[in-house]
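To keep things clear, I will list the structure first and then write my remarks on it.
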Amino acid sequence: MPENTEPVARLDIELDVNGHICDLEVAARWTLADVLRSQLQLTGTHLGCEQGGCGACSVLVDGQTIRSCLTFAWQVDGARITTIEGISDGDDLHELQWAFLRHRAFQCGFCTPGMIMSILGITEPMTMIELRAFISGQVCRCTGYEPIIDAAAEYLGSIGLFHDGDRVATT
Amino acid sequence: MKAGVFSVVRAQSVDAAVDALETHAEAKVIAGGQSLLPLMAMRLAQPPVVVDVAHIEALRRITVNDDGSTTIGASVTQSALEAWDQLPTAQPLVAAVVPHIAHAAIRARGTVGGSLAHADPAAEWPALALTLDATIVAVSASGERRIPAAEFFDGFFTTVLDEAELLVAVELPPVTPQHHFGFFEIARRHGDFAQAGAMAALTTDGSAIAEARVVLFGVRDRPELLDHIAERIVGQRDVEDVATLVAESLADSATYASDTIGSAAFKAHLARNVTIRALTEALTSKGSIDA
């Protein structure tokens, strides 16, 4: 991350987006979501609340799920960004996307990219209780969440990150 | 909802950050931005200059000191702290609480220093600092200040930090085998801001409570150290007795203000219940108070 002592309203940044190096000139006020959607025309990342509460804008930054509406683009200068567009190649879908199809885990599709990118940020094994708490960070108005939970559990199970551990309620 | 026009100073040292805060009158500090960005997007905050401290190496460290105390740099993200392998042994209450801060994606960016400086009364870190009798370290052009948590929170989203003062670290006292901790918060969704929460740090003399720090948060304009309850439960060891004392002490709903979270009576009800549950966990988490 370059340093500057004089305040600047526009910055030159470099982002690795889905494997493509993008040199961008951005306003300080543009969020990562703004840059992905407007500058880079990657409109798969959606803006639901722009307050960090709905999770529709979730993307991966250096493998970790973040809210792209709550991150200025310059804050992730030099990072590796993965969006929903970057996890499939034509009809060659990601395993999690196949799980969503099998379980009918989307209807209008608005929350779906955020759901998928947040699930792909899971790196530690989860129980069903923990998975449900985790999905609390993503809002869906259509499905009632059950098929999303089923798809996520199936996918996480297939990569060894889901176990039916203790079922004691935490709250 | 988009932020207005602003300029940014990307500081790489504490000195550079403090200089920028001195030079630019209405500058705001940004670390993870998880509290500041929503404010800027809603135009509730419109700082002309923002000083980025997220990349200052010295602020990203977690250290266990020789005396067993833990120093957490202000720019340490909640997720980095959560993943720190020494957290469960060095600071078990922090280890229990951090997974309840917001959601994983917010914890990936939000920082410990940011949460303390933002001083949201429903946030976990201000309550943690108060419960653990932490010291907040801040730096300005006048030098370093070490501020006890009990003196740091000054009201609704207000701390005693000066305009051009940078919070650089929080120091947590060492944890001993005589410590028993408890935590309980209630929110509409897992990860939402707490409607009410409580934390308890008890030290025992082997058979009963010797000292207690009991903090209630989310129901007033800052986390509240419940001294009167702490005094009354010294010498107690039984969950039922402690629950009765808490219920008696927090019976007066007239001290709460009705708002969108609920009526004064509802808040008093939550306050009693979360405090009892936090104390119950503290008394039973290690099996018994004698552990």
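Quick rundown of the values:
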| item | result |
| --- | --- |
| 222 nm mean residue ellipticity, helices alone, for chain A (DSSP H n ≥ 4; -39,500 (n - 2.57); rounded to 500) | -6000 deg cm²/dmol |
| Computed accessible area, residue A:150, all protein chains, 1.4 angstrom probe, square angstrom | 70 |
| Shielded by partner chains, region A:28-45 residues - at least 10 Å² of accessible area, 1.4 Å probe, vs chain alone | A:28, A:29, A:34 |
| Evaluated at q = 0.15 Å⁻¹: base-10 log I(q)/I(0), Debye formula over Cα of chain A | -0.84 |
| Under 14 Å, Cβ to Cβ, from residue A:25 - net charge with Lys/Arg +1 and Asp/Glu -1 | -3 |
| Relative contact order %, chain B, counting alpha carbon pairs below 8 Å whose residues are six or more apart | 15 |
| Solvent-accessible surface (1.4 angstrom probe) belonging to residue A:118, in square angstrom, nearest 10 | 0 |
| Exposure ranking of B:44, B:161 by accessible area [1.4 Å probe, largest first] | B:44, B:161 |
| Total formal charge among the other residues, if their Cβ is under 15 angstrom from that of residue B:202, Lys/Arg +1 and Asp/Glu -1 | -4 |
| Part-to-part distance (alpha-carbon centres) for region A:21-83 and region B:40-72, which is given in Å | 21 |
| Accessible carbon and sulfur surface of region B:208-263 relative to its total accessible area, %, 1.4 Å | 48 |
| Set of lysines near residue B:2 by C-alpha distance (under 22 Å), chain-local residues within fewer than 8 positions excluded | B:28 |
| Positive-end residue, region A:1-122 charge dipole about Cα centroid, Cβ charges, pick of A:76, A:33, A:11 | A:33 |
| For region B:165-291: relative contact order, % (alpha-carbon pairs under 8 angstrom, 6 or more apart) | 29 |
| B:267, B:28, ranked by accessible area, largest first (probe 1.4 Å) | B:28, B:267 |
| By accessible area with a 1.4 Å probe, ligands and nucleic acids excluded, highest first: order of B:241, A:77 | B:241, A:77 |
| Cα centre as origin, Lys/Arg/Asp/Glu Cβ charges: region A:4-94 dipole, Debye | 400 |
| Accessible surface, per residue, of region B:1-71 when the full set of protein chains is kept, probe 1.4 Å, Å² | 45 |
| Delta accessible area of at least 40 Å² on complex formation, residues of region A:61-86, 1.4 Å probe, chain isolated as reference | A:64, A:67, A:70, A:72, A:74, A:75 |
| Average partner coverage of B:107-118, which counts Cβ from other chains inside 10 Å | 2 |
| Of B:274, B:149, B:233, farthest towards positive along the dipole that unit charges on Lys, Arg, Asp, Glu beta carbons give chain B | B:274 |
| Share of carbon and sulfur in the accessible heavy-atom surface of region A:1-90 [1.4 Å probe, %] | 43 |
| Two-site FRET efficiency, residue A:49 against residue B:241, from Cβ-Cβ distance with R₀ of 51 Å, rounded to 0.05 | 0.65 |
| Cα gyration tensor, region B:9-100 - rounded (a/c under 1.5), prolate or oblate | oblate |
| With all protein chains modelled, accessible area of residue B:192 [1.4 Å, Å²] | 40 |
| Spin-label model distance (nm) - residue A:80 vs residue A:39, 7 Å beyond Cα toward Cβ | 2.0 |
| Within straight-line cross-link reach of residue B:286, lysines at Cα separation under 27 Å, skipping those fewer than 8 residues along the same chain | none |
| Neighbourhood net charge (11 Å Cβ-Cβ; Lys/Arg +1, Asp/Glu -1) for residue B:229 | -1 |
| Helix axis angle, B:264-284 relative to chain B longest principal axis, alpha carbon, degrees | 70 |
| Solvent-accessible area, 1.4 Å probe, carbon plus sulfur percent, for region B:1-158 | 50 |
| Tensor-based shape of region B:145-257 (alpha-carbon gyration tensor, a/c under 1.5 rounded, otherwise prolate or oblate) | oblate |
| The protein assembly as shown - Debye-derived log10 I(q)/I(0), Cα point model, q = 0.13, 0.14 Å⁻¹ | -1.25, -1.39 |
| Chain B, helix-only ellipticity at 222 nm - DSSP H runs n ≥ 4, -39,500 (n - 2.57), divided by all residues, nearest 500 | -8500 deg cm²/dmol |
| Label point distance in nm, residue B:5-residue B:65, each placed 7 Å from Cα along Cα→Cβ | 4.6 |
| Shielding by partners, peptide A:52-58 (average Cβ within 10 angstrom, other chains) | 4 |
| FRET E, pair residue B:163, residue A:91, Förster distance 56 Å, beta-carbon r, rounded to 0.05 | 0.50 |
| Relative contact order for region B:85-144, counting Cα pairs under 8 Å that sit 6 or more residues apart, in percent | 22 |
| Alpha-carbon centroid distance for the pair region B:178-225 / region B:74-149, whole angstrom | 15 |
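The values are calculated or read from the model by the stated rules, or taken from the named source; none is laboratory data. Being a predicted model, the structure only gives us computed values, none of them experimental. Glycine also receives a Cβ, built like all others from the backbone with ideal geometry; neighbour counts cover every protein chain displayed. Surface areas here come from the heavy atoms of the whole protein model, side chains and all, with no ligands, DNA or RNA. Shrake-Rupley method; radii C 1.70, N 1.55, O 1.52, S 1.80 Å.
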